[in-house]
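A quick write-up on the structure given underneath.
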Amino acid sequence: METLLGLLIIAGLIVIVVGAILFFIDYAKKNRKKVSLIVLSGGLVLILIGLVGNIGIQNHQAKIAAQEKAEQVQLAKKKNAKFTTYATSFVSTFNDIWNDTVKLNNKTDKSWSSAIESDSESFDVNKTIEKVESDNSNLILGITTNQDQLNKDIKNLKANNTGKYDIKKYETANNKIQAYANFVVNPSGSYNEYGSKTTDLNSAVTTAADAFSE
């Protein structure tokens with residue numbers, strides 16, 4: 001449409017030029033100027049149609065752009081509101097996992113240490129771990145269930161991320177707490193290795209959690 005209107009303006013200019021030439025010829029020869037004036041008027045009409053059409057299109061496009069911008073602003077507001085809701089859920093679930101993981105960590109450490117001290121010669125690390133898992137099955141179930149919820153919250157945070165909030169700290173926190181929880185739920189290595197690794201993993205979670213208050 002804009003191309004057609006542009007062509008109308010160009011055609012109008014050409015017609016005006018032709019009309020002007022005819023007008024000057026008629027003027028010089030003192031002929032009647034009716035035809036040249038009609039040609040000039042036709043050119044002006046074409047130009048007017050083209051200009052009015054272009055202005056109408058530009059106004060329409062500006063209106064559409066304004067509406068789209070307003071819709072984007074409203075969409076961003078809705079997404080930001082959802083982001084804060086999921087962020088609150090994330091932090092709550094994060095803390096639940098952390099508390100339960102620390103609790104399980106301490107229980108595992110205590111049971112493992114006691115098993116070594118009470119029966120050092122026939123100590124079996126696999127049986128010890130199996131007993132810890134059996135004795136704390138409800139605690140482990142709570143941790144793994146909350147891990148699933150945390151992954152859902154992260155997915156929702158990503159879906160509603162407009163750039164207003166720092167999603168990176170939530171992704172980092174999720175990675176750190178998941179690593180800590182996974183290792184405590186499924187421990188491996190020697191007793192000393194377990195203690196050293198859980199200390200490092202818990203420290204990493206602490207650092208990630210500090211970012212929430214920044």
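The values are calculated or read from the model by the stated rules, or taken from the named source; none is laboratory data. Note that this is a predicted model, so its numbers are computed, not measured. Cβ atoms come from the backbone with ideal geometry, glycine included; neighbour counts cover every protein chain shown. Note: areas computed on protein heavy atoms with side chains; ligands, DNA, RNA excluded. Shrake-Rupley method; radii C 1.70, N 1.55, O 1.52, S 1.80 Å.
What the table shows:
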quantity	calculated
Accessible solvent surface per residue of segment 93-214, calculated while the other protein chains remain in place, 1.4 angstrom probe, Å²	57 Å²
Sparse-neighbour loop sites [trypsin sites (Lys or Arg not before Pro); segment 121-185; at most 15 other C-beta within 10 Å; DSSP]	Lys164
Computed Rg/Rh of segment 77-214, alpha carbon atoms with Kirkwood Rh	1.08
Ala211 versus Asn95: modelled label distance in nm, points set 7 Å from Cα along the beta carbon direction	1.9 nm
12 Å beta-carbon shell around Phe183, net charge (K/R +1, D/E -1)	0
In Å², nearest 10: area of Tyr86 left accessible to a 1.4 Å probe	70 Å²
Spacing of the two label points (7 Å from each Cα toward its C-beta) at Asn126 and Asn182, in nm	2.3 nm
Members of Lys103/Lys168; Lys77/Lys169; Lys168/Lys197; Lys131/Lys158 lying beyond 30 Å, as alpha-carbon distances in this model show	Lys131/Lys158
Positive minus negative residues near Ile154 (Lys, Arg vs Asp, Glu; Cβ under 12 Å)	+2
Glu117 accessible area, assembled protein chains, probe 1.4 Å, Å²	140 Å²
Area accessible to solvent at Thr145, 1.4 Å probe radius, in Å²	80 Å²
Förster radius 45 Å - calculated FRET efficiency between Ala81 and Leu44 (Cβ-Cβ, nearest 0.05)	0.25
